[in-house]
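Worksheet: the structure to be examined is printed underneath.
The values are calculated or read from the model by the stated rules, or taken from the named source; none is laboratory data. Please read all numbers here as calculations on a predicted model, not as lab measurements. Neighbour counts are summed over all protein chains in view; Cβ atoms, including those assigned to glycine, are modelled from backbone coordinates with ideal geometry. These accessible areas exclude ligands, DNA and RNA; they are computed on the full protein's heavy atoms, side chains included. Shrake-Rupley method; radii C 1.70, N 1.55, O 1.52, S 1.80 Å.
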Amino acid sequence: MDNKAIAREFKLLSQLLEFHGENSFKIRAIATVADKLRKLPFDITSKTHEELSEVPGIGKSSALKIKEILDNGSLKELEDLIQQSPPGIIALLKIKGIGPKKLAVIWQELGIDNLGELWYACKDDKISKLKGFGQKTQDELKSIVEFTMENQDKFRYADIEPFANDILHSLKKHLKEESLVSFTGPLRRCCEILETIDILASSTKDELIKWVNQSNIITDIKESDNQLQGTHQSGIKTIIHCSNKESFYARLIETTGNENHLKGLEEKLNIEIPSLESEEAIYKKAGLSFIPPELREGLNEIELASQNNIPKLIEYSDFKGSLHNHSLWSDGVFSIEDMAIYSRDILKLEYFGISDHSKTAVYANGLSTDRVIAQWKEIDSLNKKLAPFKILKGIESDILSNGSLDYPNEILAEFDFVVASIHAQLSMDEKKATTRLIKAIENPYTTILGHPTGRQLLVRRGYPIDHKKVIDACAANDVIIEINANPLRLDIDWRWVPYCLEKGVTLSINPDAHHASELNYLRYGQLVARKGGLSAENCLNCLSLEKIELQLKARKDKNQGI
Ligand SMILES: [Zn+2]
Ligand SMILES: [Zn+2]
């Protein structure tokens, strides 16, 4: 069991204790340990029980619980609580925004422990009448329940990718060496949300059935003409398509692109997709240049390919640095030095931009002006030590409810870059949210607009914004827009990248790393950026250190005297 899995056990324990109305100090203590475990910079299993008891924020009794989980795979106290709870409640507790206390009232008063009944209770106006609820809470609850129902059986790309790799690996090992095997469907298009894992193999169905029976990697198998369908242990539907070797690439094209893409391609071909030696050859036959899988979304890619205008999409190796990251100074778990060294030695980057939280983000240990100045000193000395590698001085400034930024102008003026993001008071209508963002964009010290909608994929909708107005404002004020590369966010949505490019807005793919390993999120940002047609030349952190320093300095000079 890894740190995150153990943290989940503690979180569930704290939620169930709260659901059952236990002592609030105990609940808070367990919840704090869960949070602590999630952020530990080392693997829990690498420490002894004694060492763990000495970690600040864990203590003896939690260390014992951790030991019990590691030894037995479960915690007796938690198992007992699960036994005493209504069966559907565990699933409801996972939904962000409802909370154990509210669920307890709903269960006690209405006997509800599942999503469907909860929705009906909102619709029939039963929730608003409960003590402590009211109309507004009922409306919010209904919206959360609807969002959850819409997203059942959907998964984030990053959560599914390792399973998909396992399946592909197992299948390749089983089949003859000369067999062709590839991801296909939305997975191959790198869609941020997946409902299926699709794999295409040049193999007979009998051979695939043999593999399924031997590997046991997918279960509940259903057969149809040219595919097997089953369920992976993660719960995601898995489809193994099969074809003969000759028609492999025709089938690959057929199963990769979405319906609109295939329609466009078939119109160009005027015949069925022919069996040729490669995908390139098939597109060529249609009078088109090769269309990378990520772009096969039925937007304007057929037209672009017919004019030989498919952009050169950004590659992982194009990254020269990363901006928007956090350290121990705010809510990160690594020192600036460790994050910088990871960037330099593991990721082979030229620079690392730190942008810890600003002073209003008290919950995230945001930096007071004094601490900002102290951090700059630390960075100056690290830059001497790590040269020619460079740490850029940034901040993730909260956008306050009136759209202004944290800190006085003389402090803002000293940063190399400022990421402006909304973290609080998220419940806004489109007009309020758009006005708030535009005010921040018009601030001359804003360099990058951070996670523009605040969405968390499959967890919560973002606040509604008028994307065109926000992007237009960035164009007018020379503000860069972030593609937040955390696979939970991927915000701004890639579907808006073409409009950004049309307006001449540069994008920055930012990992928003709170842990050194999260610097690797750059890759998820890169995948969705490709879907949006982004090239390295329109991505800020593909600039070399020399060029980005010049660009950031030019902005600073422009702001002199404001
Ligand atoms: Zn943020
Ligand atoms: Zn951040």
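The table for this structure:
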read-out: Criterion violated by E50 - all others in (1) in a helix (DSSP H, G or I); (2) under 29 Å from L115 (Cβ atoms) satisfied; value: (2)
read-out: Matching residues in the range 308-332 - criterion: being more than 16 Å from ligand 1 (Cβ to nearest atom) and either hydroxyl-bearing (S, T, Y) or in contact (Cβ under 8 Å) with a residue 60 or more places away in the chain (or both); value: P311, K312, L313, I314, E315, Y316, S317, D318, F319, K320, G321
read-out: Condition check for I239: within 10 Å of L200 (Cα to Cα) and open to solvent by less than 30 Å² (accessible area, probe 1.4 Å); value: yes
read-out: Residue in the range 108-115 that is part of a helix (DSSP H, G or I), in the same structural domain as D206 (by TED's automatic domain parsing) and acidic (D, E) present; value: no
read-out: Condition met for R461 (more than 13 Å from ligand 1 (Cβ to nearest atom), touching a residue at least 12 places away in the same chain (Cβ under 8 Å) and of a type outside the set (V, I, T)); value: yes
read-out: Residues being hydroxyl-bearing (S, T, Y) and not in a helix (DSSP H, G or I) - total across the range 524-547; value: 2
read-out: Residue count for the range 347-369, restricted to those that are closer than 14 Å to I422 by Cα and of a type in the set (V, I, T); value: 2
read-out: Strands (runs of 3 or more DSSP E) fully within the range 162-274 counting 3 or more residues that are polar (S, T, N, Q); value: 227-232
read-out: Selected residue (criterion: nearest to T447 (Cα to Cα)) from residues of the range 480-499 that are in a loop (DSSP other than H, G, I, E, B) and either without any contact (Cβ under 8 Å) to a residue 40 or more places away in the chain or within 16 Å of ligand 1 (Cβ to nearest atom) (or both); value: I492
read-out: Subset of the range 464-478 [more than 16 Å from ligand 1 (Cβ to nearest atom), without any contact (Cβ under 8 Å) to a residue 60 or more places away in the chain and assigned to a loop (DSSP other than H, G, I, E, B)]; value: P464, D466
read-out: Filtered residues of the range 506-515 (kept if surrounded by fewer than 24 Cβ atoms within 10 Å (Cβ to Cβ) and away from ligand 2 (no atom under 16 Å from the Cβ)); value: T506
read-out: Neighbours by Cβ (under 6 Å, 6+ apart or cross-chain): first from the range 270-290, under 17 Å from F248 (Cα atoms); second open to solvent by less than 100 Å² (accessible area, probe 1.4 Å) and among the charged types (D, E, K, R); value: I273/E254; F290/E280
read-out: Condition check for S404: surrounded by fewer than 16 Cβ atoms within 10 Å (Cβ to Cβ) and hydroxyl-bearing (S, T, Y); value: yes
